[in-house]
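Accompanying notes for the structure given below.
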Amino acid sequence: MVVSAMDSIAAISTPLGEGGIAVIRVSGPESIPAADQIFKGKKPLKECKTHTVNYGHIIDPASGEKVDEVLVTIMRSPRSFTREDVVEISCHGGIVSVKRILELLLQQGIRLAEPGEFTKRAFLNGRIDLSQAEAVMDMIRSKTDQAFHVALKQAEGLLSKQIRKLRQLLVETMAHIEVNIDYPEHDVEELTAQFIKEKCAQAIDEINRLLKTARQGKVLREGIVTAIVGRPNVGKSSLLNLLAQENKAIVTDIPGTTRDVIEEYVSLNGIPLRLLDTAGIRETMDVVEQIGVERSKNALSEADLILLVLSYNQPMNDDEKALLEQVKSKPFIVIVNKTDLPQQLDLDELYKKVPKHRVIQMSIKNETGLDQLEKAISDMFFGGGIDSGDQTYVSNVRHIHLLTQAKEALEEAKEGAEQLLPIDMIQIDVHRAWELLGEIIGETASESLLDEIFSKFCFTGFFLSFI
Amino acid sequence: MHLSFIGGKYDVIVIGAGHAGCEAALATARMGCNTLLLTINLDMVAFLPCNPSLGGPAKGHVIREVDALGGQMGKNIDQTYIQMRMLNTGKGPAVQALRAQADKFLYSKNMKETLERTENLTLRQAMVEDFIVEDGVCKGVITQSGAIYEGKAVVLTTGTYLRGKVIVGELMYESGPNNQQPSIKLSDSLKRLGFELARFKTGTPPRIHRDSIDFSKTEIQPGDENPKFFSYETTEEPPWEQMPCWLTYTSTETHEIILENLHRAPMFSGAIEGTGARYCPSIEDKVVRFSDKPRHQIFLEPEGRETAEYYVQGLSTSMPEEVQLRLLRSVPGLEKAKLMRTGYAIEYDVIIPTQLWPTLETKLVKNLYTAGQINGTSGYEEAAAQGIIAGINAACRVLDREEVVLSRSDGYIGVLIDDLVTKGTNEPYRLLTSRAEYRLLLRHDNADLRLTEIGYKVGLISEERYQKFLKKKQMIEDEIKRLEETKVKPTPEVQSMLEQAGTAPLQNAVALASLLRRPQVHYNMIEQLSPPPELLPPEVKEQVEIQLKYAGYIEKQLLQVEKMQKMEKKRIPSDIDYNDVKGLASEARQKLSEIRPISIGQASRISGVNPSDISILLVYLEHYNRVVATRGS
C-alpha cells in the first residue's frame, strides 16, 4: 500500500435500523468527486467550502432517479477525523435507502471500508495516538450508549490518567534504585528489598483493581451474554419481545460490515444484553412442550447472566427446582412472571432458596417490573452504578493484555525481592512493568527512564540531594 | 595571520590531546595511519583538570570497553592509580564497577610517554585556528603560527578550551581549564562552516594543602585490599601503597555563608549563560535547591603521590575567592584549610551533537570527526570512548574500510553515541547505568566478551591477546556445558553442604547448573562437589557463575535486544527526502530531516517522532524499496 496515494473508502457509520437518521462516511482523495457524481444540490460539492453542510438529493446517475433527500457535510484535508478529505452523507435512514447510497458510492470507485479503517487512517495520518486509536476503535464497535461512553472516556484519557499514576509510583521506586546504583557512595538511604516489595504490592493491587473493571468493559463492548430459561409457556418469548420492542432490537445482518454472524442485541436502558438462542426461544412457541429443560441446560454453560422465568400462577415443579439449583453457579435473576394472575407460587419457599434481591416480580403482559429487572442487572454487573461517571473501565483486549503482563512483571519483581536478589535484577522487572504500562498510553517509544526521572525528581528535593 | 607555510602531510590529524584526542590518535596510528596530534600545551596531555578519579558505575564500564577495543585509558590508570575500589559490591554483577583515584601528574606523564613511543604518531604543540575545507570535505588544518597541515581526515577534540571562559565570583576571563590558553578562533571557523554551537558550563572545587587538613575529624575511605584492574591485560599492581580518601560534611555555617553571599554567585547573579549538568551541581546550587538537607558530603581526595594538593569533592563552586575560603573553613576538619587553587566555573562552546553521524563524522563536513566534550559530554571516560570510535572511523575512512558503529546492546559506548547523535543533549551529558536499557548484558565483567572481536577486526587488539581471549571464551563455554550436563545426586555430602549454605536439600538428582542458580550457592561450592577437568582461572569462574546464575534475567534482556535489532536492521537510505513522506507530523518531519537516522530503530528514538510517524515511515520505506527494486530491474 502506498501512503501517499491512499484509495478512498466508505461505510455506514451509524447503527443499522429502522427510522431515524443514518450517516454514510466517505474518506480519501476521491471522496468529494465521487459524492459529486451522485449528489445534486445548489452547487457541486467541489465548490463548497470546508466544514459546510449542504442540502440536496442523491441521484442515481444511471437512471436519474431521486434516491433520498440528504444533508452532505464536507471536511477537507487535513481538518478531518482521518486528515483526508471526508464527506458525510446524512440520509433519512431506512435500511433500503442507506444501502442504496452506499452502493452508488461503490459504483463510483469507492471501496467499502474495513472495520476500523477510518480510525486506522486517522492513526496512520498522525491524527490520533495509539491509545486513543484503540479507544476510538472500541467506540466504533460499541453497541450501546454506555459502551460508547466508556470508550469516549478512555479516548479522553481517564484510563491514561490512572496508568500515569501507576507509572509515577513505579518511577519513584526506580529513581530510588537508580540513585543507589549510580551513586553508590553518596548518602542516599539504600533501598531495601522490603521497600520494593511494598511498592510492587501496591502497584499490583492497583492493576488488579483496573483489571476487575475489565470484565465490565468486556460486557459493555460485547454485551452481557444472557440466557432466558424456563419451562414452556412461562413467558420467555414474551419477555424477549418486550425487551426487543421496548428497546429497539439491534439486529445486524450485513455480513462483513459489522459482524459475520447474526446475533441479537437488546439494550436495557443502556445495558447491552446479547441474547443466546433467541431463535430457540421463538421456536418453542410452535413446538410446544418439546424442548424444555434440556435446551436450557445448554444455554447455561455459555451465559454471563441467566434469567430464569417462573410463573406466579403456578407452583414450582421438579424441573424448575432442578433448574434453580443449576443457575446458582452463575449470575442469575429469577423473574416471577404473570403477577397479573392469581398467586399459586409459594414465594416464601422461593426466598428460602434464593436471596430476595435476586427475585423480580413482573407482569410481562402489563409491562411492569422492567425497571427492577434493569436495576438488578446493573447492580450485579456494575456494582450498582453503571453510569457512575468517574469509573474507568478497561475495555480493550490489548490494554487488558498489557495490564496482565505488567502485573506478572511486578509479581516477578516482588518474588525477586523476597529472594533477596540484587537490586538491579529486580529493577529489570519493575522497569518492564513500567514500560508495558507506557505502551498502553503510548509513552515508551522515545523517552528514556532517565528523562522521566530527571523531569520528575530534579526539583522535588530528593533525587539530587545526595550529590 | 602570518604568512603560512606547509607544515606537513598526514593521514589523520587529531586536534587536542585530552582523553578523546589521545585515544583517537593512538587508534589511528596503531591502525597504520600516519598521525599528527596537535595540542595547545604539551604539558597538559591527558590531564585531569577536575577530579583525580576515573571509573565508577557506567564510567568504569566504559574504560573496560575502551580497553576491549584496544584503547589506552584502562592500561594508563592501572599503571598510575593510588587507590582502587570496586563499587556496588552488594548489588548485582551488572552494576559493580571499578573506581580509581589517579595520581593525576603521573597519569598525564605516563600517557605522554605512550604517545611518544607510538609508531606513526607525531606529537606537536600548536594551536589550530582554521580548517581547510574543499567542496564540503575537510583536507587539513591551519595553526596560529601559519603552518598548514594536510590530512585525509581530521578529529577535533577541543574539550573545554573552545572559547573557554573562567568565572570566579565577579572575576571573569577568557581561559581554558587550569588557566590554559583558550581556543578562540576555532569557534568562529566552526560557525563559518555552518555548525550550530551551544554554550555549556562545568566547574571544579578548590584544592587545599594536605598539611592544613585535620584528618582526625574525618572518616577514612581506604582502597580495596585485593584490587582488580581496568585493563584485561594488566596483571600487576603498581609498586606503591594505596592512599586513602577522607570523608567529611558541610555544616550549617557552610550553608549560612552560601545563602549570605548568594548575590555574588555567578550562577544566581546571571553572569553564567552556559548550561550546567543537573547531576553535578555546585555547592551553592545544592544548598539552594535542597534547603531542607542539613549537610552535604565532602570527600577529600589526594591529587597524587608527590603533591600536597587535595581535591575537595562536593564543594564545586564559582563563589568569589574569599567566600570560597570561608566556605572551606566552615567544614569540620578544614578549619585551618590553606587554599592552593581556587574553584571556578568554566564556560565553553560545544557543537550540537545531532550534527554528527553515529560514526562521529560531522554531517556538514566530510572527513571531519569530533569527539569528547565538544560533543556535549562531560567526563574523561565519555571523552575517551568517543575518541577511540572517532579514531577508528577516521582510520577506516583513510584506509577505505567499513565504519564501526556500536549498538546500544554492544556497550555503553553505543548508548552514549546513540544518545548524543539521536537525541542531542541540553546539558553536559554524563553516562549513567540507567541510560542503558540492556544493563544486565553490558556488564563490567564481560566487556571483553562483547568487544574484543571488534577491536581485533579493526587491528587494535594483538594476535596474542586475541588468542588468549578465544581460549577464555572456550573455557567458559565448556564449563557451562559441563555444569548443564553433569548431575549431582542427593548424597549426604551434598545435603550437608546445602544445609550449611542455608538452602533446601535436594529431592532428586539435578544438574549442577540448576544448583548454581540458587541464590545461596556459588561456584566454589560446585567446584568442590564436582571439580572441572582442569583448574579454571578466576575470571572464567566468574563468567560461568554470572551467566548461569542470572540466565533467566539475561534471557529476558536478550529477547528485548532481538526485538530492537529488527528495528535497527531496517536501514533508511541516506538520500531519503522526508518531504516526500506524506502524513508525517510536521515536528517528526523536521526532526527526521535534521537527524537523518540511519535505521528505523534510531528514528524511533528521536524525541518528537511518534509511533504513528514510524508506521508511516515503515510503509513509505516499503514503497520506496519497491520503487528502487523496480528501477533496478
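Restricting the range B:587-609 to residues that are closer than 20 Å to A:Arg127 by Cα and among the polar types (S, T, N, Q) leaves a set whose member that is farthest from the other protein chains (Cβ to nearest Cβ) is B:Gln590.
Residues in the range A:43-102 that are exposed (fewer than 13 other Cβ atoms within 10 Å of the Cβ) and under 27 Å from A:Asn125 (Cα atoms): A:Lys46, A:Glu47, A:Lys49, A:His51, A:Thr52, A:Val53, A:Arg79. Within the range B:164-188, the residues that satisfy the criterion of being farther than 17 Å from B:Gly16 by Cβ and part of a strand (DSSP E or B) are B:Lys165, B:Val166, B:Ile167, B:Val168, B:Leu171, B:Met172, B:Tyr173, B:Glu174. Would a scan of the range A:390-401 turn up a residue that is at pLDDT 75 or above and more than 24 Å from B:Asn426 (Cα to Cα)? Looking for residues that are at pLDDT 75 or above and more than 24 Å from B:Asn426 (Cα to Cα), one finds none in the range A:390-401, hence no.
Just one of the listed residues (B:Tyr456, B:Tyr466) is more than 14 Å from chain A (Cβ to nearest Cβ), surrounded by fewer than 18 Cβ atoms within 10 Å (Cβ to Cβ) and among the hydroxyl-bearing types (Ser, Thr, Tyr), namely B:Tyr466.
Selection within the range B:261-302: residues that are among the hydroxyl-bearing types (Ser, Thr, Tyr) and over 24 Å from B:Arg329 (Cβ atoms). The member of this set that is modelled with the highest pLDDT is B:Thr275. Scanning the range B:284-301 for residues that are within 24 Å of B:Gly379 (Cα to Cα), more than 10 Å from chain A (Cβ to nearest Cβ) and touching a residue at least 40 places away in the same chain (Cβ under 8 Å) returns B:Ile298, B:Leu300, B:Glu301. Here B:Leu584 meets the list (1) under 28 Å from B:Ile352 (Cβ atoms); (2) within 12 Å of another protein chain (Cβ to nearest Cβ); (3) in a helix (DSSP H, G or I) almost entirely, failing just condition (3).
Just to be sure I understand, how many residues within the range B:53-110 are of a type in the set (S, T, N, Q) and assigned to a helix (DSSP H, G or I)?
Within the range B:53-110, residues that are of a type in the set (S, T, N, Q) and assigned to a helix (DSSP H, G or I) number 5.
Tell me, please, whether a residue that is within 14 Å of chain A (Cβ to nearest Cβ), of a type in the set (A, V, I, L, M, F, W, C) and in contact with a Leu (Cβ under 9 Å, 6 or more places away or on another chain) can be found in the range B:470-478.
No; the residues of the range B:470-478 include none that is within 14 Å of chain A (Cβ to nearest Cβ), of a type in the set (A, V, I, L, M, F, W, C) and in contact with a Leu (Cβ under 9 Å, 6 or more places away or on another chain).
Every residue, every condition in (1) touching a Ser or Thr at 6+ places or on another chain (Cβ under 8 Å); (2) charged (D, E, K, R); (3) at pLDDT 90 or above; (4) part of a loop (DSSP other than H, G, I, E, B), yes or no:
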position: B:Glu539; (1), (2), (3), (4): no, yes, yes, no
position: B:Gln547; (1), (2), (3), (4): no, no, yes, no
position: B:Glu562; (1), (2), (3), (4): no, yes, no, no
position: B:Gln565; (1), (2), (3), (4): yes, no, no, no
position: B:Ile614; (1), (2), (3), (4): yes, no, no, no
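Counting only strands (runs of 3 or more DSSP E) that sit completely within the range B:204-306, those holding 2 or more residues that are buried (at least 19 other Cβ atoms within 10 Å of the Cβ) correspond to B:207-209, B:245-249, B:297-302.
When residues in the range B:386-428 are screened for being within 14 Å of chain A (Cβ to nearest Cβ) and either part of a loop (DSSP other than H, G, I, E, B) or among the hydroxyl-bearing types (Ser, Thr, Tyr) (or both), 8 of them pass.
Tell me the residue from B:Leu506, B:Leu515 that is buried (at least 20 other Cβ atoms within 10 Å of the Cβ), under 29 Å from B:Glu534 (Cα atoms), out of contact with any Phe, Trp or Tyr (no Cβ under 9 Å at 6 or more places or on another chain) and at pLDDT below 95, please.
B:Leu515
Scanning the range B:112-133 for residues that are out of contact with any helix residue (DSSP H, G or I) (no Cβ under 9 Å at 6 or more places or on another chain) and assigned to a helix (DSSP H, G or I) yields B:Glu113, B:Glu116, B:Arg117. Close contacts from the range A:166-183, counting a first residue that is within 11 Å of another protein chain (Cβ to nearest Cβ) and of a type outside the set (A, V, I, L, M) and a second that is in a helix (DSSP H, G or I) and buried (at least 23 other Cβ atoms within 10 Å of the Cβ), with Cβ to Cβ under 7 Å and a gap of 6+ residues or different chains, come to A:Glu178/B:Ser434; A:Asn180/A:Ile423; A:Asp182/B:Thr433; A:Asp182/B:Ser434. Of all residues in the range B:67-100, exactly one satisfies the criterion of being on the phi > 0 side of the Ramachandran plot and either in contact with a Ser or Thr (Cβ under 7 Å, 6 or more places away or on another chain) or at the interface with chain A (Cβ under 8 Å from one of its Cβ atoms) (or both), namely B:Asn88. Inspect the range B:356-370 for any residue being touching a residue at least 24 places away in the same chain (Cβ under 8 Å) and in a helix (DSSP H, G or I) and give the result as yes or no. No.
The values are calculated or read from the model by the stated rules, or taken from the named source; none is laboratory data. These figures come from a predicted structure and were not determined experimentally. Note: ideal-geometry Cβ built from the backbone for every residue, glycine included; neighbour counts use all protein chains shown.
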